[in-house]
Amino acid sequence: MDFFNTTQENKKVAIVSSKDSFSVMGIKKKLQEASIDGISCRPSVFQIEEAIDEREPIIYYLDDDIYTVRGEDFLKELKNLCLEQEKLVILVGEKAEYEKAIEIIPKSSIVDWFSRPVDMDALLATVEKALNGEIAPSRKKHILIIDDDVTYMRMLLEWMKERYQITMMDSGSKAIHWLLENKGIDLILMDYEMPQMDGPTVSRMLKGDMNTREIPVMFLTGKSSKENVVKAVDTRPVDYILKSVDKMTLLNKLEDYFETTKAKEPLYNNEDDDDK
């Protein structure tokens, strides 16, 4: 008799799939047992926004549809939704499907990935943590690019601007002065060879200041000589990247780095929670 009042108060999750399946129905049933409404949506951002509130998560059940033009278009729309609204996404699918999805969706927006057959208890635990605010959406990471080649910097900006907040400086001295007044930089991408003050020199100066010494640095270089690598490693950068790197390789390096640093921090507010 209180059924209708109860369901109106239930928390909601969007379950996105291109078709109904036994597994999707199983996920809905598991959520229902925990008084969570699993609302079925086709791959459509409009349907997702109609189904759930801004802070409620998405379960995306992956299948062969993601390899189609329609599927890739939805992945791009979902990526934009994640970046604009800080959506939390839980992926369910095979490893190849997951790897296809993360070519477009930032890893920072993905709470977890479950292979099939799905561990329903683990999936439910993750959904409940997301709904209870125990998993916080990732803010856009702020990257400072330092390079005297403005054309190259603008290319990096075009590659990275959808996923990251970007600030650009065309010299090490400008960057040092800017950092004295501005906080919150998550990573510095810095040209190894610059006139007047090269990358290793700038890095050592940053390491020598208590306000900037913890900012991680990745070097960008056009040369891969052993001498340059040794000199760069001496300043303890987090990586050393050739400027010939392509867009996806660079984005994957950045995503992997931020995922690694994220893994070193407590994932949930409740530190007593067991890992999945």
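Quick note: the coordinates plus some simple rules give every number you see, no bench work behind them. What you see is a predicted model; the values in this text were computed from it and never measured. All Cβ positions, even for glycine, are placed from backbone atoms using ideal geometry, and neighbour counts span all protein chains on display.
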Check: in region 142-262 the Lys pairs 8 or more apart or on separate chains whose Cα atoms fall under 21 Å apart number 18
Per its Cα gyration tensor (rounded if a/c is under 1.5, else prolate when a/b beats b/c, else oblate), region 10-137 is best filed as rounded
For residue 180, the net charge from surrounding residues (Cβ-Cβ under 12 Å; K, R +1; D, E -1) works out to 0
One finds, for residue 173 and residue 95 with R0 = 35 angstrom and r their Cβ-Cβ distance, a FRET efficiency to the nearest 0.05 of 0.15
Net charge near residue 222 (other residues with Cβ under 13 Å of its Cβ; Lys, Arg +1; Asp, Glu -1) is -4
With +1 on the Cβ of every Lys and Arg and -1 on the Cβ of every Asp and Glu, the dipole magnitude of region 92-227 about its Cα centre, in debye rounded to the nearest 20, is 180
Output ordering of 61-74, 201-214, 139-152 (per-residue mean of other Cβ within 10 Å, highest first) is 139-152, 61-74, 201-214
Per the rule of 0.36 nm per residue minus the C-alpha distance, extending residue 55 to residue 154 adds in nm 32.3 nm
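Assuming 0.36 nm per residue, please report the length gained on full extension of the stretch residue 240 to residue 73 beyond their Cα-Cα distance. If you can, show how the numbers build up before the last one.
Numbers: separation 167, 0.36 × 167 = 60.12 nm, distance 3.32 nm.
Between residue 240 and residue 73, full extension yields an extra 56.8 nm.
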Expected unfolding gain across residue 115-residue 45 under the 0.36 nm per residue rule, minus the alpha-carbon gap, is 22.9 nm
Each label sits 7 Å from Cα toward the beta-carbon; between residue 211 and residue 161 the label points are separated, in nm, by 2.9
Gyration tensor on Cα atoms of region 142-262, a ≥ b ≥ c root eigenvalues, a/c under 1.5 rounded, else prolate if a/b beats b/c, else oblate, says rounded
Here the net charge surrounding residue 27, from other residues whose Cβ is less than 13 Å away from its Cβ (Lys, Arg +1; Asp, Glu -1), is -1
Options (1) 6, 26, 28, 19, 14, 5, 1, 0; (2) 7, 30, 37, 21, 5, 0; (3) 6, 21, 27, 26, 14, 5, 1, 0 for P(r) over Cα pairs in 10 Å bins from 0, in percent; the value derived from the coordinates is listed as (1)
